[in-house]
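Computed from the coordinates by the stated procedures, all read-outs in this text should not be read as laboratory data. Values in this document were obtained by computation on a predicted structure and should not be read as measured data. No Cβ is skipped: glycine too gets one built from the backbone with ideal geometry, and neighbour counts run over all protein chains shown.
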Amino acid sequence: MFYDKKDGTTQCRLCPHECVVSEGKTGICGVRKNIKGKLYSLVYGKLCSTNIDPIEKKPLFHFAPGTECLSIATVGCNLSCAFCQNFEISHPPSGGILGIDITPEKVVEAATNRELPGIAYTYTEPTIAWEFYHEIMKLAKKAGLYNVWISNGYISPEPARKIAKLMDAVNVDLKGDIGFYRKLCGVPNEEPMHTALRIYKDAGVWIEVTNLVIPGHNDRPEQARKLAEWVKENLGPDTPMHFSRFYPQYKLDDIQPTPVKTVEAAAKAAQNAGLRWAYVGNVPGNGMEDTVCPECGDVLIKRAGMSMASFKQSCERCKVDVPIAGKEWMK
Ligand code: SF4
Ligand SMILES: [Zn+2]
């Protein structure tokens, strides 16, 4: 889907790269190939990773909290982030299409047989498995399951609008400013991510945003504040934002893990910018993964090791309600 044909060449329209893919070649994502003038998805029916995870691990903290979901991935990605935390499957060194063959029906069955309430499309970029995931998501909806995407947001508007109809929640990475995206991710700017987020918002999808804080690249509180201001203005002050600690990985393996106080400062800067629910990720036990009342600071939702330990939706004293989506899937 989403491509044009021109004299044996194809032009993909799935993501803003809009790759011109000639006979026998693949696009930047490595998983969409021109075979005899038609563009094929090489990852259709091919899962490279399946797990059962708490939804908190995605991270999604305000959507169906306390539930576990079937988490799946196909290989490939349309960005080339130097700090990728999942590079073995997003950019497999062998370049091969790794994975097991499975039908959309079997994926949904895998969730329903285990009585899981939903499916997360995660670990790599869901956009580039659009056709496969679209089929799974249609069947999942019929079976009463939720669908959540963990995405870099680099998707063109038409596929974003179509998939949003089947999506219950999404966590999109906002990685940094234009210079950051250019230098470390291989894309010219962050505008497509903003457009995708606005499309998901308009479609009524529950949105949370993640920012990986990398020493020396995007770790100034000023940078967190700017991201938070964009989120507040465009997605609303109740949009949860997760600031995540970086660990040395892939091409940035010479940078030390982010100091905990730096990630905490980023979350505080977001709170000061007016976001009511800012969290610190990848630092278990520091308390900043709990949901606290923004007025009095009382812990309302306690999390431990990426699972929910206790749940209170309101602070009765301050008359503050925690926004929670997907309650129908909670036990
Ligand atoms: S989805 Fe892949 S082939 Fe299509 S434009 Fe994006 S990177 Fe290129
Ligand atoms: Zn309170």
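A Förster radius of 45 Å combined with the Cβ-Cβ distance from ILE35 to GLU295 puts the calculated FRET efficiency at roughly 0.15. The GNM of the chain, with springs linking C-alpha atoms under 10 angstrom apart, assigns the highest mean-square fluctuation among GLY179, GLY281, GLY24 to GLY24. Once the C-beta distance of GLU158 and GLU105 is scaled by a Förster radius of 25 Å, the resulting FRET efficiency is 0.40 to the nearest 0.05. Would region 214-255 count as rounded, prolate or oblate if I go by the C-alpha gyration tensor, calling it rounded below 1.5 in a/c and otherwise prolate when a/b exceeds b/c, oblate otherwise? Taking the square roots of the gyration eigenvalues as a ≥ b ≥ c, region 214-255 is prolate. Between the beta carbons of GLU23 and ALA309, assuming R0 = 56 Å, the FRET efficiency works out to 0.50 to the nearest 0.05.
Straight-line reach from LYS162: taking Cα to Cα under 14 Å and skipping same-chain neighbours fewer than 8 places apart, the aspartates and glutamates in range are GLU131, GLU135, ASP202.
The packing ranking of peptides 244-250, 91-97, highest mean first, is 244-250, 91-97, where packing means the average number of other beta carbon atoms within 10 angstrom of each residue. Averaging the Cα positions of each part gives two centres, and for region 138-159 and region 1-40 these lie 22 Å apart. Inter-label distance, GLU233 to GLN249: 3.0 nm, where each label sits 7 Å from its Cα along the C-beta direction.
Per-residue ellipticity at 222 nm from helix content only, as computed over the chain with -39500 (n - 2.57) for each DSSP H run of at least four residues, stands at -7000 deg cm²/dmol. Compute the label zone of LYS302 within region 58-72: residues whose backbone N is under 16 Å from the point 7 Å along Cα-to-Cβ. Residues 66 fall inside that zone. The GNM of the chain, with springs linking C-alpha atoms under 10 angstrom apart, assigns the highest mean-square fluctuation among ALA129, ALA228, ALA304 to ALA304. For region 164-230, chymotrypsin sites (Phe, Trp or Tyr not before Pro) meeting the loop criterion (DSSP other than H, G, I, E, B) and having at most 12 other Cβ atoms within 10 Å: none. Fully extending the segment from ASP321 to ILE178 would add 48.0 nm, taking 0.36 nm per residue of separation and subtracting the current Cα-Cα distance.
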